[in-house]
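Right, one structure below, let's go through it.
The values are calculated or read from the model by the stated rules, or taken from the named source; none is laboratory data. In this text, all values refer to a predicted model and were calculated from it rather than measured experimentally. Cβ: placed from backbone, ideal geometry, glycine included. Neighbour counts: every protein chain shown. Calculation scope for accessible area: heavy atoms of the full protein, side chains included, ligands and nucleic acids excluded. Shrake-Rupley method; radii C 1.70, N 1.55, O 1.52, S 1.80 Å.
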Amino acid sequence: MKEILITNDDGFEALGLRELAKALKTIANVTIVAPSSEKSACAHSITCTRPLRFIKIDDGFFKLDDATPTDCVYLALHALYEKKPDLVVSGINHGANVCEDITYSGTCAGAMEGVLQGIPSLAVSQYYDKDGIEKYGFDLACEITLDIVKNIFKKDYPLPKKQFLNLNIPSVSKKDYKGLKIAPAGEKIYSTSAQLNRDPRGIERYWIGADFMDFDINQNTNTDISIVMDGYACITPIKLNLTSFEELKNISQWIK
């Protein structure tokens, strides 16, 4: 039977993680190693300044104390496996991971670590607007993910080394779901949005993070963000080599 390692960045108690594991257990042996607390937007960070420990929740289910998704994949492969699993799946994230948000994403980082370790990997994120998760749940996301994983096992992984699949699910009901598309990552409009508050002692504190998608639809035709907003799921192949190859010559001329 195939072996799947699952992690996430919303923490071991997240409903998306548990629903995903339940779905994938129908076709594979599943091991869950997830952070003990939410680590959203931790990117591809790894903990090098303190030791970490596994805490067993259930058979094949562990939380890694105050760890990142990268830590979870890294240490799971080191401590729990004699032979590498067939697939790493990170998610289901509570919220989309599209456009340049991929660089912030702890969910995508779990898949990044998987492919760095030579394992086919898939990141799965569920976009939601207002009460979307409560209204629609993760049934659609689980069905789509299950179909993709079956395809990976049947036809082999479609990407070369150090590239992962980034899957985003729209916030729609099953009857309003329009299908699956393949598209590149788009471009969002970013700002330094933060909320200023004072604690009970009067000390100023900032809460970072915008809760809206700001993008130019004219610059995002057939990209992940416009596709998901239009009711389609979207798969984007992501490579870890961030070199801007088309600018190498330009930089060579500029530096002279």
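Summary table
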read-out	value
Percentage relative contact order, the stretch 177-256, counting C-alpha pairs under 8 Å, at least six apart	39 percent
Calculated P(r) of the stretch 1-50 - Cα pairs past 14 Å, %	55 percent
Shape box of the chain [Cα atoms, principal axes, largest first, Å]	55, 52, 50
ASP131-LEU15 FRET efficiency (beta carbon distance; Förster radius 22 Å; 0.05 resolution)	0.95
Segment GLU82-GLU3, length gained on full extension (0.36 nm per residue, minus Cα span)	27.2 nm
Listed pairs LYS63/LYS155; LYS2/LYS56; LYS83/LYS162; LYS39/LYS154; LYS25/LYS161; LYS63/LYS181 exceeding 28 Å between Cα atoms	LYS63/LYS155; LYS39/LYS154; LYS63/LYS181
Solvent exposure, largest accessible area first (probe 1.4 Å, DNA, RNA and ligands not counted), of THR236, THR49, THR26	THR49, THR26, THR236
Rounded to the nearest 10 Å², the accessible area of HIS94 at probe 1.4 Å	60 Å²
Fully extended contour minus Cα-Cα distance, from SER252 to GLU100, at 0.36 nm per residue	52.1 nm
Heavy-atom accessible surface of the stretch 146-256: percent carbon and sulfur, 1.4 Å	53 percent
Debye-sum result for the stretch 1-134 in log10 I(q)/I(0), which assumes one identical scatterer on each alpha carbon, at q = 0.15, 0.17, 0.20 Å⁻¹	-0.62, -0.80, -1.12
THR103 - accessible surface, heavy atoms, 1.4 Å probe, Å² rounded to 10	90 Å²
Per residue solvent-accessible surface (Å²) - the stretch 10-110, probe of 1.4 Å	44 Å²
Relative contact order %, the chain, counting alpha carbon pairs below 8 Å whose residues are six or more apart	17 percent
The stretch 192-256 and the stretch 95-153: distance between their alpha carbon centers, rounded to Å	17 Å
